[in-house]
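Contents: one structure, followed by commentary.
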Amino acid sequence: MYRFSIGSQEWILRFSPHIEIEPEIKQAIISTILQLGSELQTYSHGESFVIINDYVGIIVFNVEKIPSFILTVSNIVNEENWYIQKKLTLKKYKS
């Protein structure tokens, strides 16, 4: 768990226990979320959002505001597991 402040709010960033993350990946996620800044305050309790990070992949975040401001990384999806659907056809995503 990590603690950080945005404005006057103290947040806790935690990682879901079912995912294993290397320390350098955790640091990349922390740097990414700090760039979000005050935008984080606009999310309501129970909402989720994703950030696509070139280094990490898609990072799925869940927001809790009751009883504390907690941001949980619930999953990380590497680019090799991305798919795109166009006109009823599903294909691997290629950047």
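Inside the stretch 53-83, can you point out the residues that are among the β-branched types (Val, Ile, Thr), surrounded by fewer than 17 Cβ atoms within 10 Å (Cβ to Cβ) and modelled with pLDDT under 95?
Result: Ile66, single match.
Please go through the stretch 40-95 and pick out each residue that is assigned to a loop (DSSP other than H, G, I, E, B), among the β-branched types (Val, Ile, Thr) and without any contact (Cβ under 8 Å) to a residue 24 or more places away in the chain. Spell out the reasoning first.
Step one: filter the stretch 40-95 for residues assigned to a loop (DSSP other than H, G, I, E, B), giving 43-47, 54-56, 65-68, 78, 82, 87-88, 93-95.
So of that shortlist, the ones also among the β-branched types (Val, Ile, Thr) come out as 56, 66.
Hit for the stretch 40-95 is Ile66, nothing else.
One residue is enough: does the stretch 12-30 have a residue meeting the conditions open to solvent by 60 Å² or more (accessible area, probe 1.4 Å) and basic (Lys, Arg)? Full working, then the answer.
Initially, the stretch 12-30 is screened for residues open to solvent by 60 Å² or more (accessible area, probe 1.4 Å), giving 14, 17-18, 20, 22-24, 27.
Next, only the ones that are basic (Lys, Arg) stay: 14.
Yes, the stretch 12-30 has at least one match.
Mind listing whichever residues of the stretch 1-39 are within 18 Å of Ile58 (Cα to Cα), touching a residue at least 24 places away in the same chain (Cβ under 8 Å), part of a loop (DSSP other than H, G, I, E, B) and not polar (S, T, N, Q)?
Ile19, Ile21
The values are calculated or read from the model by the stated rules, or taken from the named source; none is laboratory data. Quick caveat, the model's predicted, so the values are computed rather than measured. Cβ: placed from backbone, ideal geometry, glycine included. Neighbour counts: every protein chain shown. All accessible areas refer to the heavy atoms of the entire protein, side chains included, with ligands and DNA or RNA removed. Shrake-Rupley method; radii C 1.70, N 1.55, O 1.52, S 1.80 Å.
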